[in-house]
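> I'd like to ask some things about the structure below.
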Amino acid sequence: MMRTVVQVTCWSLVAMIALASSSFATSDPQPKAKVTPKMMYSLDLKKDEKKWGLGSKASVGNVFIMELVTEGQSMQTWSELVTNMVVLEQQMGEYVSKWQQLLMKKVPGLYMDEEILSDQSMIVRYRSADESGVWRFTQGADGVYALCYVSKTGEGTKERVKFWENLIKSSPLIPRAKM
């Protein structure tokens with residue numbers, strides 16, 4: 001059995017747990033052809049007063065992740081983070097359940113609630129002592145698509161998370177060719 005290990009020290013704790021929730025293990029000794037996601041969330045960053053830029057981009061096993069930080073910040077110094085992630089070959093219900101279980105084990109005092117939207121995507125709001133955020137999970141034909149906003153806890157966090165929740169809810173999945 002092969003296992004891929006990723007060492008990342010600056011992603012939000014919740015993003016790291018999301019990555020850990022995916023299945024990297026494979027018993028197939030034959031390498032598979034590289035598979036890429038068919039869709040991605042389209043996020044209208046112009047609606048935010050802050051400017052955003054690429055913080056990191058990675059592809060590990062069946063997970064594709066891109067994280068954005070606000071202008072002047074880095075993956076080491078972020079106070080706000082946007083994550084656009086795809087986990088191929090996973091089912092949303094099973095994946096989100098595993099993600100939530102890992103999160104509850106790793107983050108003491110975590111508050112979490114969820115909402116199912118009319119398109120059957122799921123919004124998960126969470127708050128801990130260190131960060132607050134909102135995730136949207138959608139089941140695609142090829143896997144689970146996730147879009148997230150995270151803010152380190154501080155002044156104005158509640159209003160920013162609510163703004164981003166509305167922005168995330170209005171963000172459509174589009175074919176990658178249109179991006």
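Here, each number is a calculation from the coordinates, and none is a lab measurement. All values derive from a computational prediction rather than experimental measurement. Cβ: placed from backbone, ideal geometry, glycine included. Neighbour counts: every protein chain shown.
> Kindly list the residues of the stretch 33-64 that lie in the label zone of Phe163, defined by a backbone N under 15 Å from the point 7 Å along the Cα-to-C-beta vector.
Counting only backbone N, you get 44-53.
> Continuing with the same structure: In square nanometres and to one decimal, what's the mean projected area of the convex hull around the Cα atoms of the stretch 27-179? Spell out each step's value before the answer.
Working: hull surface 41.1 nm².
With every direction weighted equally, the projected area is 10.3 nm².
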